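A.B. asks: A single structure is presented below for examination.
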């Protein structure tokens, strides 16, 4: 069992590119240790992609469970997430000390208006590109009434719920409504 933990600790520490980058290392280790066959690995990858959560954590959990049951799944999962957890702790400890520096603090306070400006500018560019098909200053003007209608409906729903019912609507629900309206307009 300790070997399982060490192997997934190594995978978590030395693989780059996220969960999909870890798949090759997980496959190699599983085949070297005769934990799984090629077909079983492919099945595990399919299961891991269809279950919620990071694929690397899901792979570690499934492989650990297949070898040593519940305890194996805990050890493999803990092994694969421990390196990232320690790295984040290190970054946070350095970042907290860095934020106490008056120059860094002043810089971050000064840059906030620029960040707000970038966000507003991006929103304006998105609006212009979606409603008017303007992507550059020299772009031709092409009005898209369907996008304007969908945008107006979503805005009215948001404002109506916010001001009349005094409630917040989740952004995901607005995205779903926008998707449904987009499908209905393009039938």
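A.B. asks: Give the residues of segment 145-181 that are loosely packed, with under 11 Cβ neighbours inside 10 Å and either on the phi > 0 side of the Ramachandran plot or in contact (Cβ under 8 Å) with a residue 12 or more places away in the chain (or both), sorted by residue number.
C.D. replies: Hit for segment 145-181 is 166, nothing else.
A.B. asks: Is segment 9-21 home to any residue that is part of a helix (DSSP H, G or I), more than 22 Å from the chain's Cα centre (by Cα) and surrounded by 13 or more Cβ atoms within 10 Å (Cβ to Cβ)? Before you say what the answer is, go through the steps one by one.
C.D. replies: At the first step, the residues of segment 9-21 found to be part of a helix (DSSP H, G or I) are 9-14, 18-21.
Adding the requirement that they be more than 22 Å from the chain's Cα centre (by Cα) leaves 9-10.
Now drop any that are not surrounded by 13 or more Cβ atoms within 10 Å (Cβ to Cβ), which leaves 9-10.
Yes, segment 9-21 contains at least one residue that is part of a helix (DSSP H, G or I), more than 22 Å from the chain's Cα centre (by Cα) and surrounded by 13 or more Cβ atoms within 10 Å (Cβ to Cβ).
A.B. asks: Tally up the residues in segment 36-48 that are closer than 22 Å to residue 69 by Cβ and surrounded by fewer than 18 Cβ atoms within 10 Å (Cβ to Cβ), please. Break it down stepwise before answering.
C.D. replies: From segment 36-48, those closer than 22 Å to residue 69 by Cβ are 36-37, 39-41, 43-48; that's our starting set.
Next cut, surrounded by fewer than 18 Cβ atoms within 10 Å (Cβ to Cβ) only: 37, 39-40, 43, 46-47.
The number of residues fulfilling the criteria is 6.
Coordinate-derived values only; no laboratory data. Everything numeric here is computed off the predicted structure, so don't read it as measured data. Cβ sites come from the backbone with ideal geometry, for glycine too, and all protein chains shown count toward neighbours.
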